1. Which one, Lys76, Lys61, Lys99, has the greatest fluctuation when you compute a Gaussian network model over the chain with C-alpha springs under 10 angstrom?
2. Please give every one of the lysines within straight-line cross-link reach of Lys82, meaning a C-alpha to C-alpha distance under 23 Å, and leave out same-chain neighbours fewer than 8 residues apart.
3. Listed highest first by mean packing, meaning other Cβ atoms within 10 Å per residue, what order do 3-10, 46-53 come in?
4. Give me D for the chain in µm² s⁻¹, whole number, from Stokes-Einstein with Rh from the Kirkwood sum over alpha-carbon pairs, 4 °C and 1.567 mPa s.
5. Give me Ile12, Ile30, Ile77 sorted ascending by neighbouring Cβ count inside 10 Å, so fewest comes first.
6. Filter Lys18/Lys103; Lys18/Lys99; Lys10/Lys99; Lys9/Lys103 down to the pairs with a C-alpha to C-alpha distance above 23 Å, please.
7. With +1 on each Lys and Arg Cβ and -1 on each Asp and Glu Cβ, and nothing else charged, work out how big the dipole of the chain is about its Cα centre, in Debye to the nearest 20.
8. Once you have the Cα-Cα distance between Leu95 and Ile3, take 0.36 nm times their residue separation minus that, and quote the gain in nm to one decimal.
Amino acid sequence: MGIFSKNEKKLIAEMSKKHIQICKEALKEIEELYTDLSAAYEAIETVTCDFEKLTAEISTKAGPAETAKIQVFAKKISKVDKFARDAVRDVRDVLRNQKKRLKETQRQY
């Protein structure tokens, strides 16, 4: 005599199929997000380096006050670049974890 009746087993099987379907849909959404985000980051990846080069060129021609302002702005752009890079990495990690969860769920049912 089992713990679950046939109806309960059938319900569990249906729920697991729905769960797997929802996981697959979420995985697809995350993959699209990662693709878009990484493509956007690749398009602007070199901007920070280019801006730092431009800052170095301009700082020799500008006065000390303007140079200080440019350096502050360059630091802010570097932070934005770091946040964008971290966002791409984090979405990649979420994507990888979601794939792992989906495989575990599929193995269970």
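1. Highest fluctuation among the options: Lys61.
2. Candidates past the 8-residue exclusion: Lys53, Lys69.
3. Values: 3-10: 9.5, 46-53: 12.6.
Put in order of decreasing packing, that is 46-53, 3-10.
4. Working: Rh = 18.0 Å.
Answer, rounded: 72 µm²/s.
5. Working: Ile12 12, Ile30 18, Ile77 15.
Going from sparsest to densest Cβ surroundings: Ile12, Ile77, Ile30.
6. In this structure, Lys10/Lys99 exceed 23 Å between Cα atoms.
7. Numbers: 23 positive and 18 negative charges, 155 e Å.
About 740 debye.
8. Details: separation 92, 0.36 × 92 = 33.12 nm, distance 3.59 nm.
Contour length minus the Cα-Cα distance gives 29.5 nm.
Laboratory data are not the source of any read-out in this text; all were calculated from the coordinates shown. All values reported here derive from a predicted model rather than from experimental measurement. Cβ coordinates were reconstructed from backbone atoms using ideal geometry, including for glycine residues, and neighbour counts include every protein chain displayed.
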